Amino acid sequence: MKLLEYEAKEIFARSGIPTPQGGVVRVPEEVEKWLNLPGDRVVLKAQVEVGGRGKAGGVVITEKSEAVLKARDLFSKTIKGIAIREVLVEEFLPIQKEFYLAITVDRSSKGALLLFAESGGADIEDLAERDPRAVRRTLLSPLVPEVPQFMLRYLTGKAPKEVGQVIQALYRVFREKDAILAEINPLASTARGMVAADAKLIVDDNALKRQGIAVNRDLSMRERVAEENGFSYVDLAGTIGVIGNGAGLTMATLDLIEYYKGSAANFLDVGGGAGEERVKLAVQLVAENPSVNVIVVNLLGGITRCDEVARGIISAGVSQRVIVRLAGTNEEEGRRLLAERGYEMLGNMDEVVRAALEVKG
């Protein structure tokens, strides 16, 4: 789950990483209590869980005299479709130099990947693409409690020694908070030392309970309902709803849709042994997505009975066309039940996907 910037900065500050002075507001008028920050200007930063907010107008540098007005304008906007409900008000930092620092998970080595560059800011991705050597990288086992000094020397190069202290603190945060990403971009060099001008922290979804986080804010409403009912579900951007049993079969269905130039609206794995009520709920959940114009149900009946699946599809009663591939236990009975109600049950996955692509929204 992605934490908001101010949440990440609170964690960073408690771990000894310097952060700008400021605080979060939820109505424009609250900005006034932060106008005693140093300098003549403040920075207003929309708190939304998406990237690229600066280029989308979500970061505003303003004179203090216009801060409330600018905040009112910012609260009226959306960033990539997300309404702005919180704004971080911070002092304007006179930055002398920007650095980039991040720690993420390297899945191939099952370790922590530390990255550092002597340039930072919004265009760090372009820099890394143009000159991969500009971003120094090193791997470290997460079982190691701190970054060894020789790694720090390699990463920081000629950067100020304070950077090494920030790396150590960020690595502690990464381990203690079960993070899959801890990032400071930019890490700003100022007259008073290094400051985390921005902060990003993503906590592993599997560790939310251990971290005391009750609700995964990254989940959509459908994803939350699916989680409550034990489905593996992910919202996607397409128009073809997908229901399978088993992650491999469901992923293969998505791959085949992509192969035929289609676009899936979701991933939903109902799991093994799904009965009528479970299948009914799955079909209704997928059908609630307004982007879905056809639903593909691709299930193999082992401990899952095809006749139970068929009854679940029928009882769901959704308006979208449902195209079915069932194979296995009680297959003939499932086929009969579906045929009586006018549902298509085709012989293999390829036929089902191609039939779905023919449905126009």
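Read the figures in this text as sums done on the coordinates, not as results from a lab. These numbers come from a predicted model, not from an experiment. With ideal geometry, Cβ positions are generated from the backbone for all residues, glycine too; neighbour counts draw on all protein chains shown.
Filtering region 28-62 to residues that are closer than 15 Å to Leu88 by Cβ, touching a residue at least 24 places away in the same chain (Cβ under 8 Å) and loosely packed, with under 13 Cβ neighbours inside 10 Å leaves Leu35, Ile61.
Of all residues in region 336-361, count the ones that are more than 20 Å from Leu249 (Cα to Cα) and of a type outside the set (A, V, I, L, M, F, W, C). Please lay out each step first, then the result.
Restricting attention to region 336-361, the residues satisfying the condition of being more than 20 Å from Leu249 (Cα to Cα) are 336-343, 358-361.
Filter once more, so that each one left must be of a type outside the set (A, V, I, L, M, F, W, C): 336, 340-343, 358, 360-361.
So the count comes out to 8.
Only one of Arg278, Arg305 is charged (D, E, K, R) and either within 24 Å of Leu219 (Cα to Cα) or within 23 Å of the chain's Cα centre (by Cα) (or both). Can you tell me which? Break it down stepwise before answering.
Numbers: Arg305 fails: either within 24 Å of Leu219 (Cα to Cα) or within 23 Å of the chain's Cα centre (by Cα) (or both).
The match here is Arg278.
Scanning for something among the hydrophobic types (A, V, I, L, M, F, W, C), out of contact with any Cys (no Cβ under 6 Å at 6 or more places or on another chain), part of a loop (DSSP other than H, G, I, E, B) and surrounded by fewer than 22 Cβ atoms within 10 Å (Cβ to Cβ), does region 232-239 turn up at least one residue? Lay out the reasoning, then the answer.
First pass over region 232-239, keeping only residues among the hydrophobic types (A, V, I, L, M, F, W, C): 234, 236-237.
Then keep just the ones that are out of contact with any Cys (no Cβ under 6 Å at 6 or more places or on another chain); that gives 234, 236-237.
Now restrict to residues that are part of a loop (DSSP other than H, G, I, E, B): 236-237.
Subsequent filtering for residues that are surrounded by fewer than 22 Cβ atoms within 10 Å (Cβ to Cβ) retains 236-237.
Yes.
Which of the residues spanning region 238-272 are closer than 18 Å to Gln284 by Cα and touching a residue at least 40 places away in the same chain (Cβ under 8 Å)? The answer is Gly238, Thr239, Ile240, Gly241, Val242, Ile243, Gly244, Asn245, Thr250, Asn266, Leu268, Gly271.
Among residues of region 180-204 that are over 15 Å from Val163 (Cβ atoms), those with a beta-carbon under 6 Å from a residue that is acidic (Asp, Glu) and assigned to a loop (DSSP other than H, G, I, E, B) at least six positions away or on a different chain give the pairs Ile180/Asp204; Val203/Asp178; Asp204/Asp178. Kindly provide the set of residues from region 222-231 that are part of a helix (DSSP H, G or I) and either over 12 Å from Val286 (Cα atoms) or of a type in the set (S, T, N, Q) (or both), ordered by number. Once the filter is applied, which keeps residues that are part of a helix (DSSP H, G or I) and either over 12 Å from Val286 (Cα atoms) or of a type in the set (S, T, N, Q) (or both), region 222-231 yields Arg224, Glu227, Glu228.
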